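K.L.:
Take a look at this one; I'll ask things after.
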Amino acid sequence: MTTEEQYLYIRTLMAEVDERSQRRTAINKAKAQGLEEGRAKGLAEGRAKGLAEGRAKGLAEGKAEVARSLREKGIPVSTIAEACGLSEDQVLSL
């Protein structure tokens, strides 16, 4: 192999190494971006689910509180159940 052929061979190898390195860097960046987007989406979904569950729990607690209060005032169970959107058994269990 002549000196010029050796030089060309080495340049070709270096170009391949550089190309592989660039590909690896691009893949790693894409993975990192995908992970970041996935985490952000997961957090947003978790936050939304938590808020929905919290609202539902708060609404249920509010209904129960109103039902208890109405029961203490002697309002008929059937009226309380209808007004609060609860079953009569739920009103009686409060």
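K.L.:
Go through Arg68, Arg47 for me and flag whichever is free of Cβ contacts under 8 Å to residues at least 24 places away in the same chain and part of a helix (DSSP H, G or I).
P.N.:
It is Arg47.
K.L.:
What pairs come out if I take residues in segment 14-25 that are among the polar types (S, T, N, Q) and pair them with residues that are surrounded by 10 or more Cβ atoms within 10 Å (Cβ to Cβ) and in a helix (DSSP H, G or I) whose C-beta lies under 7 Å away, six or more apart or interchain?
P.N.:
none
Just so you know, all these numbers are worked out from the coordinates, no wet-lab data involved. Here the structure is a predicted model, which means the values were calculated and not measured. Using ideal geometry, Cβ is built from the backbone for each residue, glycine included, and neighbour counts are taken over all protein chains shown.
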